[in-house]
1. For segment 1-111, please list each of the helices (runs of 4 or more DSSP H) lying entirely inside it that holds at least 1 residues being aromatic (Phe, Trp, Tyr).
2. Is segment 594-601 home to any residue that is free of Cβ contacts under 8 Å to residues at least 60 places away in the same chain, over 19 Å from Ser521 (Cα atoms) and touching a Pro at 6+ places or on another chain (Cβ under 8 Å)?
3. Which is within 14 Å of Val283 (Cβ to Cβ), more than 35 Å from the chain's Cα centre (by Cα) and either touching a residue at least 24 places away in the same chain (Cβ under 8 Å) or not assigned by TED's automatic domain parsing to the domain that holds His276 (or both), of Lys376, Lys366?
4. Right, Gly452: loosely packed, with under 15 Cβ neighbours inside 10 Å and at pLDDT below 90 or not?
5. What is the number of the single condition among (1) in contact with a Pro (Cβ under 8 Å, 6 or more places away or on another chain); (2) in contact (Cβ under 8 Å) with a residue 60 or more places away in the chain; (3) among the hydrophobic types (A, V, I, L, M, F, W, C) that Cys652 does not meet?
6. Here are Phe672, Phe723: which of them is among the aromatic types (Phe, Trp, Tyr) and at pLDDT 85 or above?
7. Filter segment 64-101 for residues that are in contact with a Ser or Thr (Cβ under 8 Å, 6 or more places away or on another chain), among the aliphatic types (A, V, I, L, M) and closer than 21 Å to Tyr39 by Cβ; which is surrounded by the most Cβ atoms within 10 Å (Cβ to Cβ)?
8. When Gly639 is evaluated against the numbered criteria (1) small (Gly, Ala, Ser); (2) touching a residue at least 40 places away in the same chain (Cβ under 8 Å); (3) surrounded by 16 or more Cβ atoms within 10 Å (Cβ to Cβ), which criterion, by number, is the only one it fails?
Amino acid sequence: MYTFVTSFSENGYETYAKKMLESIVEKWNPKHFKLVAYYHDFDLPKLKPPTSDVITYRNLNDVTEMLEYRERMKKHDGTQGGTTLYNWRLDAIKWCHKVFSLTDLAFELMDEEKHTTDSDQSKWMIWLDADTIATKRLDVESVKKWLPEKASVVHLGRKDIDYSETSFMGFNLMYHDACSILADFRGCYTINETIAYREWHDGFIFERLLNIYKAHGMIVNNMTEHAKGLTAFMQSPLAEYFVHYKGNLKNNLSSTNVSPDVKLERYRKLCHIVEHYKVKDIVEVGTWNGGRAIDMADAAFKNHDKVNYIGFDLFEDATETSDDYEMNTKPHNSIEAVKKRLTDYATEMFNKGKTFTFQLHKGDSKLTIPKCKEAKKADFAFIDGGHSYETVKADHTNLKKIPILVFDAYFSKDQEGKLPEEKNMGVNKLIKEMKAYGKVVLPSSDRVVGGGITHICFVANKKGVGPLPKDLTRLPIIVNPKDSRPKEEIIQNIHINQTLIKDFDWLKHGKINKETAYVVSGGSSTDFKLLKEKLKEGGKVFCVKHSYPKLLAHGIQPFACVILDPRPIEGVSTHGVVRKDLFKTVDDKTLFLIASMTDPSVTKYLQSKKANIKGWQAYSDALRDASTKDKITIDKNAGIKTGTTLVAGGTCAAMRTISLAHILGFRNFELFGFDCSVSELTPDMKKEMVSDKPKYFKVETSNIIFWTTGELLANAQDCEKLFDNSDLDLAVTVHGEGTLVSEVWKKSRRGKEISYMDIINNIAA
């Protein structure tokens, strides 16, 4: 028996929870699974919710501590009592219902008098968000894999977001530390500790507690350690059994709606191929929810006013047996729901003066494709239906007259050397034996749950198709930076600086402000005239050591200069400047923020110049306790106090400056001098190219060549991560043209965003 718990309000019940409960009644066996559903602030029995031995209903308003907490926190509702625009990150009330429901049941199950001692009784308690729909019959063996016996807690981690997705959490109540973390979780609310955190939602608070417990040895199973973005749930093994209608998706949940889109790197490349080869007539085997059909059509419309699409899929006729045989882990969609979506898209295109026509064929592609004569006349096909060798071979046989084919689900080994099961590698086998004019497996970083990397494979079936764009086949340069000095030296620097600088514990999370932080790095693209104009409207200038003298020379007073360099002040910097010379002039109004790992000679020199100094702790690999392989634990030898704010966020001072300003409360950032490149080499630079280990090398993006260094390229990678991270609560603008980072910015998600006024003006037009 596994006990699940969820909660919902009246609006939540009407919008999504009722559908969740209905699906659980249909898909769960009451002999093995139980759901305790907490409702709050409405009379659920009057609405006659689904009844079953699987579900038990409880009124959360009976929990007095929850009511008392909400009363105390009523001003902390994300608007600060109606004084600001709503910010879900600072809503201390909305997310509390999950915590009180979860812990109320946990405390009951922990009670020895009520908790069974039957050896067949599982001690796991699992949270499941109420906007989750069961799509497949749940079985005990799968749940056992999710919840290993030795683990105390199971969660959905996210690689690029600093807190877990809490739509699914498992707690093994047989272990003391699992019970303790639940008690601490509840305690954060009963003693009003929630508002002491940077963010007040349950995900942020849970992650902080989880890190503390992990540091003390708690065994944790992260089901999604390689997941990126907000949808960790749908990147986990849970996606085989559930659809999680996260965020606004829950508002559109109905029997006629499709499951959420999954945006992956390789599908962006797929659309690039469609655009490059000016595809007009598209065939897709494995239509799924219709999302890729729309993406490919959008790419085709860049060259044509009329696009035709033919899709093949089992749709709702798919079964557990077919899913297992063909390695399908995604939820099923009805053909009617997909038809509605594509019809709506066709209407949208019609209103734009374009024509989109489509056909959908339901059934086994081995039988349906031969019956469709139009499919064989297409100029492009994407094959992503079944992944067994039998199915992909048949799909290829039926579509091999089409000039361009792209296959999904070509697998390579991941970093751990893992691959999917051989039975699921039908595409690999087919591509190996296939004779064609061109076969190219495109680079990818899309990971497979359970092991492996997924690629798309381009196949040219006739002469004259032409080569693929270089951007699609070019391997990315990945820089894995290391500390510039040995660990021992950095630790020594930390100890010395903590004696030299009194104000080492000054850095605390500040209140969010509306000011702009102008972060000036050391690149030559900085437009000082533009910066001066912007400063007339207010804001603060944060800079690095290389830009500090340049700013003073242009009559600009930096608010703060951030220093992060464990190398001596007498040495020559990576920019070819003696570090000491950067501080010939020190303005007493500039706040010098010196990282503890900085060489003490820098600190002492600035002190001799009567500089205004404060210290901060920068996180680096040198601080990690190497004995804890799978955990991030700070080495005790570093002498850093427990609870100290550690600043991460990048490989150089410029990126840490953004993190520092964010901690202080800044949310609006404008970046200057973030070049990370030069357009051409100077004679002095060319002299350095003669060595066995040349400092400069070429990189290419957007068909533009740049010269850069390993250090600068690492900075560019940091910028790429920042610009594409949709979860960060900040606004960024990049100034400067003709640089590597400016091109990275243009291609990024944030760089493509437009202002609300542009949107309004476009609508008006």
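The values are calculated or read from the model by the stated rules, or taken from the named source; none is laboratory data. Nothing here was measured: the structure is a model prediction, and the numbers come from that model. Cβ placement follows ideal geometry from the backbone for every residue including glycine, while neighbour counts extend to all protein chains displayed.
1. Values: elements: 18-27, 64-72, 96-110.
Passing ranges, in order: 64-72, 96-110.
2. Among the residues of segment 594-601, at least one is free of Cβ contacts under 8 Å to residues at least 60 places away in the same chain, over 19 Å from Ser521 (Cα atoms) and touching a Pro at 6+ places or on another chain (Cβ under 8 Å), which makes the answer yes.
3. The match here is Lys376.
4. no
5. Among (1) in contact with a Pro (Cβ under 8 Å, 6 or more places away or on another chain); (2) in contact (Cβ under 8 Å) with a residue 60 or more places away in the chain; (3) among the hydrophobic types (A, V, I, L, M, F, W, C), Cys652 violates only (1).
6. Result of the check over Phe672, Phe723: Phe672.
7. Ala92
8. Result: Gly639 passes all but (3).
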